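This report concerns only the one structure given below.
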Amino acid sequence: MSLLFCDECNNMLYAREDVEQKRLKYVCKKCGSESYGAGDNKVYSNELKKTRQSLLESDRRQDWSEYAQDPTLPRSTSEKCPKCGFHEAVVLSEFGSEAKVMSVWFICANPERVADVHNASEDRTCSHRWKSSNRSVQ
């Protein structure tokens, strides 16, 4: 937005609200002349983009071992990792906005180092993530 100046005295115009017409008007503090700005008077726009895919469902490469090593996250011993067979997993839940359904995700908490299939020169914890089967989770 650029500065506007009064046509009569060349002083700066200040934005004020015209309550009756529900419009933005510009007023000169020196001579009191008023004018309505032409065009879009939008000051700020905050556009939120909704994503259909959650972070847990995304296929992008992420290091899930940080979640597996966090002692403050809830854990379950009732699930077995389908990748390494370890019997402890971190439990994460999220609510789907469209279906109003809760999804339960598990991240393997195996502390032993395993070979990374994406990077042969680096070993890391399993940290495999999987979604709960369709059964009630308490």
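The values are calculated or read from the model by the stated rules, or taken from the named source; none is laboratory data. None of these values were measured; they are calculated from a predicted model. These area figures cover heavy atoms from the full protein model, side chains too; ligands, DNA and RNA do not enter into them. Shrake-Rupley method; radii C 1.70, N 1.55, O 1.52, S 1.80 Å.
Residues that are open to solvent by less than 100 Å² (accessible area, probe 1.4 Å) and modelled with pLDDT under 80 within segment 91-119 comprise E94, G96, S97, A99, V101, M102, S103, V114, A115, D116, N119, listed in sequence order. A single entry from S76, S65 fulfils the requirement of being open to solvent by less than 70 Å² (accessible area, probe 1.4 Å) and at pLDDT below 85: S65.
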